[in-house]
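A single structure is presented below for examination.
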Amino acid sequence: MEFLTMNNLTYGYPGTAPVVDGVQFTIKKGEFHCLLGKSGCGKTTLLKLAAGLLQPDQGSIRLNNKTVTEPSPEAGFVFQSPTLLEWKTVLENVLLPVSLHRKPTEKDQERAAMLLEMIGLSAHQNRYPTQLSGGQQSRVALARALIQKPSMLFLDEPFAALDAITREELQEDLLKICHLQNTTVLFITHDIAEAVYLSDHVAVMEKGRIIYQEKVELEKPRTLKIRYGSYFNRFCLTLRQIMSEGNP
Amino acid sequence: MNQIRLYSLVLFIFIIGFWEIIAGNMSELVLPAPTVIFLTLLEGLIDGYFTAHIIRTMLEIVLGLLLGSFLGFAAGIVMGESEFLRKLLSPYVIASQAVPKLALAPLFILWFGFGMTSKVVITALICFFPLLENTVSSIQHVDKQKLELFRMLKANRWQTLIHLKIPAGMPGILAGLRVAVVLAVVGAVVGEFIGGSEGLGALIVASQGMMDTPLMFASLILLTIIGMILYQLVYFVEKRWEKPYMKEKNK
């Protein structure tokens, strides 16, 4: 069943080549998709279009059989930077999507506590974002995106600024949580290994178009060993060549 | 850190001592000695001569500050939020800021009389602009990704303002308040200079007439103390606001 469909999506600024150029893309329920591309290829714009933060010039987006014209309450978004509110505690930040619209209930509190437990930040719930490390801040941002149990999650290079080991830990957390909740994910990155490791499907974007799509045939759950297996590395190499040559 | 405090104290004693020596060779009318000023101050405080003046000036400063900064803050929010109003009103704001506001004091006395109202209005007018300017620019320069986050969370304009723009702009807004506090003292005193029989500013004018220079210095010291207390108060509020989340940065 198709969950997210982008149909002939085009977006651009007058007088220049379109940033997103006729993109055709579908994601099925519960799948994890990565969109890979060099910076400036239009991947962030595509993600914002999909999330309803931008309006396409042409084409349409459907999420769960509804046309997207504005941000959907079903979707969560994780930005490049953690975008935590410095004046709120970790717990308050996680609860922000709820507290903006109503008073958090006992159940919301429980869910926030559960998410913090999962990302290993229970002990820090009353601290402030500036007192946390970069990795911890990204974790809080992830928990905040998940508090309302979104069926669709958009992530825009959320781990780009982290060191390799922390990034791997966060990738594990993300996979675990998404698997538990059967979340459909569209993940943007420029890191080839990250894309292959995380996703069920990898797509490569260049100059506003999707130039390559392939299913990743790796066992689940992912293990550390996978990262060093021959299939994984061959896959990465293929993607690397596609990205540098600009055509498959 | 403690050494700096010690040096600071030594410097203070040195200045006072130097002043005392110089004043010894001069007429009290020109430069009264610190001891004389201090005695005048103490005497005035004990027999309650200053009390009414202090209360009056304080009241003018506080009322003017509250009124001016509240209006400045509110106008700043409105102008920060609405591009139309910002563009419409900014020429007037710049023009009215270019007018030396103290030069308007006589006009306000004419309009609002010799009582407290005219001084409060002058003070409020002076406090209005720092708050307006800082609020407008602070709430406009909020992190773009955070604004997108709030759009994603389906926050309406009001919620975005209350939960994001104002708290995020708070350091800038409080910095404006700090400027306003210092200016408020100036506003109240100048108002009293021009017309008034009560208040520390009026007392300075009166002491000039009476050729009572020690009294003038005593009033100046009182004004300085009031200004410093208010400044410290705002500084304290600012630190309290920043404390929880700036802790790490200060280390």
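Would you check which residues across region B:42-64 are in a helix (DSSP H, G or I), open to solvent by less than 20 Å² (accessible area, probe 1.4 Å) and hydrophobic (A, V, I, L, M, F, W, C) and list them?
Initially, region B:42-64 is screened for residues in a helix (DSSP H, G or I), giving B:42-46, B:51-64.
With the extra rule that they be open to solvent by less than 20 Å² (accessible area, probe 1.4 Å), the set shrinks to B:44, B:57, B:60-61, B:64.
Correct list: B:61 only.
Can you run down the residue pairs with Cβ atoms below 7 Å, 6 or more apart or on separate chains, where the first is in region A:182-209 and closer than 19 Å to residue A:240 by Cβ and the partner is hydroxyl-bearing (Ser, Thr, Tyr)?
These pairs meet every condition: A:187/A:199; A:188/A:44; A:190/A:39; A:195/A:189; A:203/A:212; A:204/A:212.
Residues of region A:110-167 being under 16 Å from the mean Cα position of the chain (by Cα) and of a type in the set (Phe, Trp, Tyr), which ones?
Correct list: A:154, A:159.
Further question: Which one of B:203, B:222 is open to solvent by 10 Å² or more (accessible area, probe 1.4 Å), within 25 Å of residue B:28 (Cβ to Cβ) and of a type in the set (A, V, I, L, M, F, W, C)?
B:222
Please find, among B:78, B:93, the residue that is part of a helix (DSSP H, G or I), open to solvent by 50 Å² or more (accessible area, probe 1.4 Å) and under 30 Å from residue B:162 (Cα atoms).
It is B:78.
If you don't mind, another one. When you scan region A:45-59, how many residues do you find that are within 14 Å of chain B (Cβ to nearest Cβ), of a type in the set (A, V, I, L, M) and within 14 Å of the chain's Cα centre (by Cα)?
4
Report yes if some residue within region B:17-25 is free of Cβ contacts under 8 Å to residues at least 24 places away in the same chain and under 30 Å from the mean Cα position of the chain (by Cα); otherwise report no. Give the derivation first.
If we filter region B:17-25 for residues that are free of Cβ contacts under 8 Å to residues at least 24 places away in the same chain, which is where we start, we get B:17-25.
In the following step, the residues that additionally are under 30 Å from the mean Cα position of the chain (by Cα) were identified as B:19.
Yes - at least one qualifying residue is present in region B:17-25.
Also: Can you find a residue that is part of a helix (DSSP H, G or I) and among the polar types (S, T, N, Q) anywhere in region A:225-237?
yes
Here's the yes/no breakdown for (1) out of contact with any helix residue (DSSP H, G or I) (no Cβ under 6 Å at 6 or more places or on another chain); (2) in contact (Cβ under 8 Å) with a residue 60 or more places away in the chain; (3) within 14 Å of another protein chain (Cβ to nearest Cβ):
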| position | (1), (2), (3) |
| --- | --- |
| A:25 | yes, yes, no |
| A:29 | yes, yes, no |
| A:37 | no, yes, no |
| A:43 | yes, yes, no |
| A:76 | no, yes, yes |
| A:87 | no, no, yes |
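Can you name the helices (runs of 4 or more DSSP H) wholly within region B:139-220 that have at least 2 residues being within 14 Å of another protein chain (Cβ to nearest Cβ)?
B:144-152, B:157-160, B:166-194
Would it be correct to say that residue B:20 is open to solvent by less than 50 Å² (accessible area, probe 1.4 Å), assigned to a helix (DSSP H, G or I) and either in contact with a strand residue (DSSP E or B) (Cβ under 7 Å, 6 or more places away or on another chain) or under 23 Å from residue B:215 (Cα atoms) (or both)?
So residue B:20 fails the test.
Among the numbered criteria (1) touching a strand residue (DSSP E or B) at 6+ places or on another chain (Cβ under 9 Å); (2) farther than 28 Å from residue A:215 by Cα; (3) of a type outside the set (S, T, N, Q), which one does residue A:20 miss?
(2) is the only condition that residue A:20 fails.
For region A:60-71: of the residues being in a loop (DSSP other than H, G, I, E, B) and more than 9 Å from every other protein chain (Cβ to nearest Cβ), which is least open to solvent (accessible area, probe 1.4 Å)?
Out of the qualifying residues, it is A:68.
The values are calculated or read from the model by the stated rules, or taken from the named source; none is laboratory data. As the structure is a computational prediction, the values presented were derived from the model and not from experiment. As a convention, Cβ positions derive from the backbone with ideal geometry for all residues, glycine included, and neighbour counts pool all protein chains shown. To get the accessible areas, we keep the full protein, side chains included, count just its heavy atoms, and leave off ligands, DNA and RNA. Shrake-Rupley method; radii C 1.70, N 1.55, O 1.52, S 1.80 Å.
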